[in-house]
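Heads up: the structure comes next, in structure tokens.
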Amino acid sequence: MKIKSICCIGAGYVGGPTMSVIAQKNPHIKVVVVDLNAQRIADWNAKDLTKLPIYEPGLDEVVSEARGRNLFFSTEIDKAIDEAEMIFISVNTPTKTYGEGKGMAADLKYIELCARQIAKVAKSDKVVVEKSTLPVKTAEAIQNILDNTGNGVNFQILSNPEFLAEGTAMRDLTIPDRVLIGGDSNDNNGREAIQALVDIYASWVPKENILTTNVWSSELSKLTANAFLAQRVSSINSLSELCEATGANVQEVAKAIGMDSRIGPNFLQVSVGFGGSCFQKDILNLVYIAKSLGLNEVADYWNQVIVMNIHQRDRFAKNIIKTLYSTVSGKKITFLGWAFKKDTNDTRESAAIYVADSLIDEEAKINVYDPKVTASQIQTDINYLNTRSEDDNFKYLKSENDPYIAAEGAHAIAILTEWDEFKTYDWQRIYTIMQKPAFLFDGRNVLDKEVLEDIGFIYKGIGS
Ligand code: UDX
Ligand code: UDX
């Protein structure tokens, strides 16, 4: 089986970049990315490449190379499904906000809608690839829907989880540590489908980095990878509190343990807490699956990673309040950074949202500057928590396009995202325009404590 035409449902942070690279590396395959959201598709088709709907370093170059050649963005979902031999499902799978598994399980309604639509439209055999992160055994449900509502054609389901991290997505896609493909190798059609997908990646990924497993191992590996990564962040964050209480320095500890080749240096950067669309959702999912199987100790073990993350965010907010003489009412606090990490405009589950919420509870006036996040996104994020009226949120939370204006007259600055540009600011100038004493809470430990203290700031990093 040689694939000539691919359709991807979902033009988001995962579908957009992934399909761009697949198209770039496979000029002989037509790749059509479709989405229900017409505005998103229009943005992907924007002539001005700075207007693409997501910000990801290097993405514009790949899009400009492939778009219009063999990469297309369209709202014609049925047509794209009909034409493709292989369909990627890359729609979002948020945590359920209702019913059974509320707050924990993944909401699969979009996945089911996609499966039903594929079944309805398909008049020839299709390989359906799960790109979205899904709970173990979702493939079984998709297979059932396809087989029972389809037009009698053959569907092969593969799991091909995404390991790209935002901000480094293009590098992660171009030189992935591994590509994981789960499929049914006991069946001839299954083996063919697996090979067809292996061939697509083999255009640029060395064969030894393409792993094939059974579908369930693949689905579970994705959840587990994110759970392990998040666990490292929670582990180092938990130690930051211990360091603060004892006089040890968490960055020194991280360096010392990271040089142990068995532990390794990555994902030991202390922070105000992890965010992003995946970590919390995937762990909750793992916890939910374990609980449903009666594995309570397993569930509790992973749940603690989330408990620690929430604690770290709360602790940061409480420390600001306590340090500002236990009252922040009416005080201006400047946030530098709102995205959940640097080099992305994505704010999903960003620690900044929760820290802001805690400070607004205490009537602080927050002024945000983020190089890539829009003012309307910031309002949407805080309103999404549903803590108070939108008018009240607007009263307490503002944003600026210039960091110096954002810092004018502030009692404190809090760094929430590790954007590189923060290091290049004229901190002397910022100090001059702030209220005194000028406090700086570095939630990412990115600034130079000694330099800032020499200027006159009262500097509080994390974990020392
Ligand atoms: C991805 C994965 O799919 C998710 O499982 C993973 O855990 C996080 O990353 P992401 O690409 O980040 O999701 O989501 P998002 O940027 O929200 O994109 C999803 C797109 O799918 C949206 O543009 C949405 O409009 C579209 N969509 C959703 C459809 O086209 N059809 C639907 O039925 C539902
Ligand atoms: C993650 C996974 O890394 C990726 O493989 C998967 O496909 C999707 O989920 P992403 O959420 O984009 O990617 O970002 P990641 O770099 O993993 O960071 C997640 C959060 O952890 C961020 O808020 C980040 O700031 C935080 N983090 C990361 C730390 O606080 N300390 C660290 O040392 C590393």
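Results, tabulated for the structure shown:
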quantity: Within the accessible area of the chain (1.4 Å probe), percent carbon and sulfur; calculated: 51 percent
quantity: Protein-only accessible surface order, largest first, of MET86, MET259 at 1.4 Å; calculated: MET259, MET86
quantity: Per-selection Rg to Rh, the stretch 1-94 - Cα, Kirkwood hydrodynamic radius; calculated: 0.93
quantity: Cα centroid separation - the stretch 333-373 against the stretch 97-116, whole Å; calculated: 28 Å
quantity: Euclidean distance of C-alpha centroids, the stretch 48-73 and the stretch 151-214, integer Å; calculated: 23 Å
quantity: Label point distance in nm, TYR98-LYS137, each placed 7 Å from Cα along Cα→Cβ; calculated: 2.5 nm
quantity: GLN379-ASP314 pseudo-label distance in nm [points 7 Å out on the Cα-to-Cβ vector]; calculated: 3.1 nm
quantity: Unit Cα scatterers, Debye sum, the chain: log10 I(q)/I(0) for q = 0.06, 0.10, 0.12 Å⁻¹; calculated: -0.29, -0.79, -1.09
quantity: Within the chain, percent of DSSP bridges classed antiparallel, to nearest 5; calculated: 5 percent
quantity: Contour minus Cα-Cα distance for LYS47 and LYS109 (0.36 nm per residue); calculated: 19.0 nm
quantity: Distance-filtered residues of the stretch 110-127 - backbone nitrogen under 12 Å, label point 7 angstrom along SER5 Cα→Cβ; calculated: 122-125
quantity: Separation of the ASP82 and LEU36 label points, Cα + 7 Å toward Cβ, nm; calculated: 2.2 nm
quantity: Translational D in µm²/s for the stretch 51-175 (Stokes-Einstein at 25 °C, 0.890 mPa s, Kirkwood Rh from C-alpha pairs); calculated: 151 µm²/s
quantity: Cα Rg, Dmax, the stretch 305-464, angstrom units; calculated: 14.4, 42
quantity: Amide H contacts under 5 Å for LEU158, placed H, 5+ residues apart; calculated: VAL128, VAL129, GLU130
quantity: Accessible area (Å², per residue) of the stretch 283-333, counting only protein heavy atoms and a probe of 1.4 Å; calculated: 50 Å²
quantity: Paramagnetic label zone (point 7 Å from Cα along Cα-to-C-beta, SER64; backbone N under 13 Å) in the stretch 10-49; calculated: 47-49
quantity: Low-density loop cleavage sites - GluC sites (Glu not before Pro) in the stretch 70-130, where at most 12 other Cβ are within 10 Å (DSSP); calculated: GLU100
quantity: Cross-link partners of LYS222 among lysines (Cα-Cα below 22 Å; sequence separation of 8 or more within a chain); calculated: LYS96, LYS102, LYS109, LYS131, LYS137, LYS207, LYS281, LYS291, LYS341
quantity: Length added when fully stretched, LYS436-SER326, from 0.36 nm per residue minus Cα-Cα; calculated: 38.0 nm
quantity: Pairwise centroid distance, computed over Cα atoms, of the stretch 403-421 with the stretch 244-301, Å; calculated: 28 Å
quantity: Residue-span extension gain [ALA165 to THR75] - 0.36 nm each, minus C-alpha spacing; calculated: 29.8 nm
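The values are calculated or read from the model by the stated rules, or taken from the named source; none is laboratory data. Since the model is a prediction, treat every value here as computed from it, not as a measurement. Cβ: placed from backbone, ideal geometry, glycine included. Neighbour counts: every protein chain shown. What goes into the accessible areas is simple: the full protein's heavy atoms, side chains included, and nothing from ligands, DNA or RNA. Shrake-Rupley method; radii C 1.70, N 1.55, O 1.52, S 1.80 Å.
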